[in-house]
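Let me begin by presenting the structure, written as structure tokens, before commenting on it.
The values are calculated or read from the model by the stated rules, or taken from the named source; none is laboratory data. Values in this document were obtained by computation on a predicted structure and should not be read as measured data. Neighbour counts are summed over all protein chains in view; Cβ atoms, including those assigned to glycine, are modelled from backbone coordinates with ideal geometry. With ligands, DNA and RNA removed, areas are computed over all heavy atoms of the protein, side chains included. Shrake-Rupley method; radii C 1.70, N 1.55, O 1.52, S 1.80 Å.
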Amino acid sequence: MKKTFFGLLSLFLFFNQAYSTENNLILNDSSYFEQRGLNILVFNNWYNNSFDDSKMSGIEIIHHGVRTVTNGDVRLNATPMQWDPIPSFIKKEVDKENNIIRAWLKYPEFEYMIQTELSGDGIKISVHTDLPIPESMAAKVGFNIEFLPSAYFGKAFLMDSKPGYFPLYPSGSTTILESGETEPLPIAKGNSIIIAPENPERNISISSDNELLLYDGRNKAQNGWFVLRTILPVGKTGKLIEWKLEASAVPDWLRKPVISHSQVGYHPSQKKTAVVELDKYDSLLSTATIYKIDKNGASIKVRDAEVSYWGMYQRYKYGKIDFTDLEEEGIYSIEYNKIKTKPIRISADVYKEAWHPTNDIYLPVQMDHVLVNEAYRVWHGASHLDDALQAPVNHEHFDLYAQGPTTDTPFEPGEHIPGLNIGGWYDAGDYDIRTQTQYQTVRNLVHAWEDFQINRDEVLVDQNARYVDLHHPDGIADIIQQIEHGTLALIAQHRAVGHAIPGIIVSDLSQYTHLGDGITMTDNLIYKKELEGQESDGFYSGNFDDRWAFTSKSSALNYGSIAALAAASRVLRGTNYELAEECLKTAIEAWEEEKSHAPNTFRFGNTTGGNLVSEELGAATELLISTENPKYAERINELWPDLENRFFMHLGEVLRAVPFMDSDFKAKVRLKTVEYVNGLHNTDAINPFGVYITEGGWAGNGFVIMMGINNYLIHKTFPGIIDKDYVLRSLNYLYGCHPDSDISFVSGVGLHSKKVAYGMNRADFSFIAGGIVPGVLILKPDFPENKEDWPFLWGENEYVVGLGASYIYLVNAAEQILKDTAE
């Protein structure tokens, strides 16, 4: 009945929205301009408050299903880089009666208004001010709009009828500004430009009485876009400039259907559902056809399959194909409306090796302070051996780091803190050591080892030689060596300053934007102020390029580190007894120290620990498991009122504590867990993929993995109250059953997986096998996106090392739950 209700509701909403059913541009009910094959958004999305220019703001164009244009706004640079100045948003007004959208914004020096209005087959864009732009900003302020390079590679343009083309690789001329910085010169100038005149799906024309300047932003930064710019006049008020923009729309255009499914395949006993994603103007066919591919390569029809209408989600229409009844092992495919999937594998060992690339390649490649070799290739040298200098006080840094009013250490700002140049992983696509990531990764690997006894050995790790060699067994389980590597970074902090620190990161943006071998970020020689410039004695240098250690105390962060050290102590006893003993002793002493005072509540960004209650619960749980001391169980019981109030937030931590708590605690947790499980059924009504899809500025694969792990822990702790499907659907989502495409978000895993991602090698448009990207980002108001041809959108494509560890756990959890439910 619920399914029927939501289906009827979706149909009602669909037919009662103002959609452009004709091939003409309108201002729709979602407050953007729409035509079949064309959407023009106006400040529906905003620059990222934490990371500035994330290439999704201002005036944007979604052209035949692809977002090709962004950042239509007033900027202070011809080709803005991520950290260049951005305006502050004041307000936006939508005048639907007159088909006008206005947005008011400001810089410290001036305010302005951008107006967009329907005009013939396109829109007029104009910039207005009530007060003039200061004379001091002459030739610095312009209206920009940016074009996605990968959408226009190999395409032509006409600037005032003079032909040109968009280059695959930047090769334009540059100049040096008075500041000493370089800036690209225009590759074309004029008053009228026609972009991609040969391609009706990408053709855009812009004309103005004001001069148009076309730049290639990649001359300044690899993640730059093509930029069209008009300089705004100073000393003038009212309408400063006006553009007329028209974009082609293929008559009656329909986006091709997508058949979303797992690129890894399915276990014979699991639920199997493919999701058909359609353009909202398309009609859902009632049947699809399932084939089995025999040993000769022939496709043998198995049966027709019903395509049941699910409804509308975001901007697309969805149907579902259930093929759970197919249990015979083999290779299959699904055909819908002449579109055929890649081979779909059904096999009892479908998940057996799915985590190997993450274990064998991705995690080792992310290891800092060591050289990582793979056959003929060196991924990177032993980087950052000069770690680290004490960060300055009262300092807000980039990438969400900050130092408080004191150092909270014995070291003066700029003084070298010895002992931090060991262990740890590059946090993500960049190279910092973010402590919160380190301890989460260690704990997930510990839990994977303890719960599943993962004993794979394909990587040689020699800590003394700072050398790692892939595809080279060394007699020790890889996961134990990874746990040790992360633990070394954590224990080093306690050895050096007596507590966990937010992390270690380069001091300057010129280093932070570094792409390439991490060993070249610094000279690997400890900075010594007595030496000058490039002067060196072979051990020290006068080059102020060492990374900074941000060291402000945070109780939440310290508890997270305590939890990881206590957990690691259990695993490392068999291979590094002394380190294991030190970890447990340090964790116990740090716990006691935290209990001797009120919590340190220094908070900044996402580098100072998670929720304080959750972090303390994790520390108490791991110490309880490691020591069996009842005082930690007492503390967990004391935390129960907070845990009960926000149960979902603490679910995973609570479930890990249950086996070591009394029956009363277990009963309370079971009651709340049943409530949670009953609520899971709502996911099927929220979207057709059966998982919660977050809609923030960072895509939601981490949340999907976390829910899959939590659901497995429910099965493990309270057998029988949750269906295995709630674990497996998280993997199905990662492997391709998600909005926008059918690609696997785990590079190198599945027949069709991410080959272009935001890793350390992103400048090469490449990938790291086993890395997991954030996934589908939902751009407001209704556009799911994950670009496979442009790696530089971190919210969609940036690998994060913590996801690798949690993914390893989830895959093994899937294997285990399938075994458990088969018995």
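Key figures for this structure:
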| read-out | value |
| --- | --- |
| Residues of the range 670-684 classified as assigned to a helix (DSSP H, G or I) and open to solvent by less than 80 Å² (accessible area, probe 1.4 Å), total | 9 |
| Residue count, the range 158-183 (criterion: part of a strand (DSSP E or B) and either within 24 Å of Asn223 (Cβ to Cβ) or in contact with a Pro (Cβ under 7 Å, 6 or more places away or on another chain) (or both)) | 8 |
| Index of the failed condition, Lys754 passing every other in (1) surrounded by fewer than 23 Cβ atoms within 10 Å (Cβ to Cβ); (2) of a type in the set (Lys, Arg); (3) farther than 30 Å from Arg670 by Cα | (1) |
| Condition check for Ile133: assigned to a strand (DSSP E or B) and of a type in the set (A, V, I, L, M) | no |
| Any hit, the range 392-402, residues being in a strand (DSSP E or B), out of contact with any helix residue (DSSP H, G or I) (no Cβ under 8 Å at 6 or more places or on another chain) and free of Cβ contacts under 8 Å to residues at least 24 places away in the same chain | yes |
| Leu420 being among the hydrophobic types (A, V, I, L, M, F, W, C) and either within 18 Å of Ile505 (Cβ to Cβ) or open to solvent by 30 Å² or more (accessible area, probe 1.4 Å) (or both) | yes |
| Members of the range 685-719 that are open to solvent by 20 Å² or more (accessible area, probe 1.4 Å) and not in a helix (DSSP H, G or I) | Tyr692, Ile693, Thr694, Glu695, Gly696, Gly697, Trp698, Pro719 |
| Residue count for the range 113-128, restricted to those that are open to solvent by 10 Å² or more (accessible area, probe 1.4 Å), in contact (Cβ under 8 Å) with a residue 60 or more places away in the chain and assigned to a strand (DSSP E or B) | 4 |
| Filter result (open to solvent by 50 Å² or more (accessible area, probe 1.4 Å), over 24 Å from Phe783 (Cβ atoms) and touching a residue at least 24 places away in the same chain (Cβ under 8 Å)) within the range 293-321 | Ser299, Val302 |
| The listed residue being under 25 Å from Asp764 (Cα atoms), aliphatic (A, V, I, L, M) and loosely packed, with under 13 Cβ neighbours inside 10 Å, out of Leu214, Leu168, Leu185 | Leu168 |
| Filter pass, Pro186 being assigned to a loop (DSSP other than H, G, I, E, B) and more than 23 Å from Val234 (Cβ to Cβ) | no |
| All positions within the range 95-110 that are within 35 Å of the chain's Cα centre (by Cα) and crowded, with 16+ Cβ neighbours inside 10 Å | Ile100, Ile101, Arg102, Ala103, Trp104, Leu105, Tyr107, Phe110 |
| Strands (runs of 3 or more DSSP E) contained entirely in the range 322-385, each with at least 1 residues that are without any contact (Cβ under 8 Å) to a residue 40 or more places away in the chain | 330-336, 377-380 |
| Helices (runs of 4 or more DSSP H) completely within the range 601-669 that count 2 or more residues being open to solvent by 40 Å² or more (accessible area, probe 1.4 Å), of a type in the set (Asp, Glu) and more than 17 Å from Ala500 (Cβ to Cβ) | 630-638, 640-645 |
| Scan of the range 762-791 for residues that are farther than 26 Å from Asp349 by Cα, open to solvent by 10 Å² or more (accessible area, probe 1.4 Å) and aromatic (Phe, Trp, Tyr), ordered by number | Phe765 |
| Flag if Arg75 is surrounded by fewer than 22 Cβ atoms within 10 Å (Cβ to Cβ) and within 22 Å of Leu228 (Cβ to Cβ) | no |
| Residue match in the range 796-806 (condition: surrounded by fewer than 23 Cβ atoms within 10 Å (Cβ to Cβ) and either free of Cβ contacts under 8 Å to residues at least 24 places away in the same chain or not in a loop (DSSP other than H, G, I, E, B) (or both)) | no |
| Filter result for Ile259 (of a type in the set (A, V, I, L, M), in contact (Cβ under 8 Å) with a residue 24 or more places away in the chain, in a strand (DSSP E or B) and more than 20 Å from Ile59 (Cα to Cα)) | yes |
| Helices (runs of 4 or more DSSP H) wholly inside the range 431-550 that include at least 1 residues being surrounded by 17 or more Cβ atoms within 10 Å (Cβ to Cβ) and among the small types (Gly, Ala, Ser) | 435-452, 478-497 |
| Residues (part of a loop (DSSP other than H, G, I, E, B) and farther than 18 Å from Gly58 by Cβ) located in the range 141-157 | Phe153, Gly154, Lys155 |
| Any pair with Cβ under 9 angstrom, 6 or more apart, that starts in the range 773-787 at a residue that is on the phi > 0 side of the Ramachandran plot and assigned to a loop (DSSP other than H, G, I, E, B) and ends at one that is surrounded by fewer than 21 Cβ atoms within 10 Å (Cβ to Cβ) and at pLDDT 95 or above | Gly775/Gly702 |
| Filtered residue count, the range 10-45, keeping only those that are among the aliphatic types (A, V, I, L, M), part of a loop (DSSP other than H, G, I, E, B) and at pLDDT 50 or above | 1 |
| Breaking point among (1) part of a loop (DSSP other than H, G, I, E, B); (2) open to solvent by less than 20 Å² (accessible area, probe 1.4 Å); (3) over 30 Å from Lys342 (Cα atoms); (4) hydrophobic (A, V, I, L, M, F, W, C), for Val234 | (2) |
| Members of the range 78-95 that are more than 19 Å from Ile231 (Cα to Cα) and touching an Asp or Glu at 6+ places or on another chain (Cβ under 8 Å) | Gln82, Trp83, Ile90 |
| Number of the condition not met by Lys280 [criteria: (1) in a loop (DSSP other than H, G, I, E, B); (2) closer than 19 Å to Ile331 by Cα] | (2) |
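Let's see how each residue does on (1) under 27 Å from His447 (Cα atoms); (2) out of contact with any strand residue (DSSP E or B) (no Cβ under 7 Å at 6 or more places or on another chain); (3) assigned to a loop (DSSP other than H, G, I, E, B):
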position: Asp742; (1), (2), (3): no, no, yes
position: Lys755; (1), (2), (3): no, yes, yes
position: Ile768; (1), (2), (3): yes, yes, yes
position: Asp789; (1), (2), (3): no, yes, yes
position: Phe792; (1), (2), (3): no, no, yes
position: Leu810; (1), (2), (3): yes, yes, no
